[in-house]
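Have a look at the structure below, then the notes.
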């Protein structure tokens with residue numbers, strides 16, 4: 001079996017996906033923590049910690065961390081999401097011990113130097129400022145906060161400027177101590193690597209992680225509602241969404257199929273009706289976000305302010321049609337083909353393979369073979385897609401609008417169109 005996992009005595013999990021036909025290894029540490037695990041008083045701490053891990057350890061300064069990877073032709077990066085933080089490296093197979101050594105140094109020995117905190121604070125504040133000037137970043141933050149108000153799941157990943165401005169070193173070190181613990185971490189590698197070699201390297205290097213603590217994540221509380229932000233822009237940006245299912249729900253792939261049929265590509269219903277037939281938008285698409293205990297089904301569209309009045313009724317009509325009219329066999333077949341292709345083609349990237357397996361282990365606690373995922377996709381039926389649509393699109397919607405919005409009809413009128 002190409003995919004193997006081992007749990008060390010301290011609770012740290014290691015998973016490998018061996019591909020001997022390549023010359024590289026993609027590996028990293030995936031932590032099952034993110035923005036939703038923050039205390040609201042320190043919103044942005046998860047993202048700031050991710051930045052600060054690269055700013056010096058007891059053994060390397062910030063320059064040496066980057067140089068030692070790039071000296072051997074590799075790359076190193078990281079990201080923070082709502083439920084995950086990852087630190088990953090891609091390099092040639094013979095340099096795998098170096099990558100493990102650097103990752104363990106970052107996770108266990110970062111010194112969080114005060115002068116670097118001040119510099120990185122300025123960088124993150126610039127990043128926040130850029131997102132405020134980028135409509136298709138800002139609207140999704142507004143949308144998320146409206147769907148999940150007054151809770152960390154709805155807070156911006158970058159954090160709020162007023163909180164980041166006063167974030168201190170104690171907040172960062174407390175977060176690391178509470179959340180970067182063995183049972184929350186997975187070391188994942190994909191490429192030309194033997195599982196037993198990866199286990200040996202990791203067991204030797206990751207021997208100084210902080211002890212596990214009992215930390216509980218509050219249940220997600222979806223509320224919905226509306227957020228309208230008038231702004232002088234050339235386009236009006238709209239996100240319309242609904243509470244959906246978690247990643248653990250057996251209907252997960254039905255939700256992905258529903259999104260694919262409705263707004264997943266150029267052949268999707270929304271693209272064909274809204275853009276191709278009516279010319280109302282340049283961009284329209286749908287997507288499904290699944291969390292540990294909740295989910296969202298969302299639709300984005302950007303249009304000229306003068307077309308906004310026509311756009312919303314058309315979108316609402318398409319949502320009603322997928323409830324009332326049978327999903328065509330060719331639509332379902334096309335959606336399944338796209339889902340299968342996305343899954344299989346993504347595995348041509350070693351980094352994607354490492355990330356997929358890490359997420360499976362973090363989120364589900366087990367290896368999930370590709371063959372099982374393909375069977376789950378095959379089992380999606382037109383009936384399961386239609387029943388899920390009927391459940392989702394009649395609940396309390398979330399509406400976010402950004403730009404010139406005088407032609408955007410009232411929230412109550414939109415909810416009435418949807419039967420909510």
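Bear in mind these aren't lab numbers, they're just calculated from the coordinates by the rules spelled out. Bear in mind that the values here come from a model prediction, so they are computed numbers and not experimental data. Please note: Cβ atoms are built from the backbone with ideal geometry, for glycine as well, and neighbour counts cover all protein chains shown.
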*Between residue 410 and residue 127, 0.36 nm times their residue separation minus their Cα-Cα distance comes to what?*
98.6 nm
_For a protection proxy built on the mean count of beta-carbon atoms within 10 angstrom, sort 220-229, 299-308 highest first, please._
299-308, 220-229
*asked:* Could you order the peptides 389-395, 69-75 from most to least packed, using the average number of other C-beta atoms within 10 Å per residue?
replied: 389-395, 69-75
*Please label the shape of the range 220-293 as rounded, prolate or oblate, based on the square roots a ≥ b ≥ c of the eigenvalues of the alpha-carbon gyration tensor (a/c under 1.5 means rounded; beyond that, a/b larger than b/c means prolate, else oblate).*
oblate
*Which FRET efficiency value, to the nearest 0.05, is calculated for residue 200 and residue 283 with the Förster distance at 56 angstrom and r the Cβ-Cβ distance?*
0.70
*How many angstrom separate the Cα center of the range 232-263 from the Cα center of the range 59-135?*
31 Å
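Let me check against my output: what whole-number percent is the relative contact order of the chain, with C-alpha pairs under 8 Å and at least 6 apart? Write down the numbers at each step before the final one.
Numbers: 810 pairs, mean separation 91.5, N = 420.
Reported as a whole number, the value is 22 percent.
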*Per residue, how big is the convex hull around the C-alpha atoms of the range 318-420? Give it to me in cubic angstrom, could you?*
170 Å³
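Could you tell me the relative contact order of the range 225-418? Use alpha-carbon pairs under 8 Å, at least six residues apart, and round to a whole percent.
Reported relative contact order: 39 percent.
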*asked:* With the cut-off at 1.5 for a/c, could you classify the range 225-418 from its C-alpha gyration tensor as rounded, prolate or oblate?
replied: prolate
*Can you pull the one-decimal nm distance between simple spin-label points at residue 276 and residue 136, each 7 Å off the Cα toward Cβ?*
2.0 nm
*Three-way shape call for the range 3-205 based on the alpha-carbon gyration tensor, with the a/c threshold at 1.5*: prolate
*Förster radius 22 Å - calculated FRET efficiency between residue 232 and residue 317, Cβ distance, rounded to 0.05*: 0.15
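Compute the length gained on full extension between residue 381 and residue 325: take 0.36 nm times their separation in residues and subtract their Cα-Cα distance, giving the result in nm to one decimal.
Values: separation 56, 0.36 × 56 = 20.16 nm, distance 1.44 nm.
Using 0.36 nm per residue and subtracting the Cα-Cα distance, I get 18.7 nm.
State, as an integer percentage, the relative contact order of the range 276-382 based on alpha-carbon contacts under 8 Å between residues 6 or more apart.
Dividing the mean separation by the residue count of the range 276-382 yields 20 percent.
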*Starting from the Cα of residue 341, step 7 Å along the direction of its Cβ; do the same at residue 394; then give the gap between the two resulting points in nm.*
3.5 nm
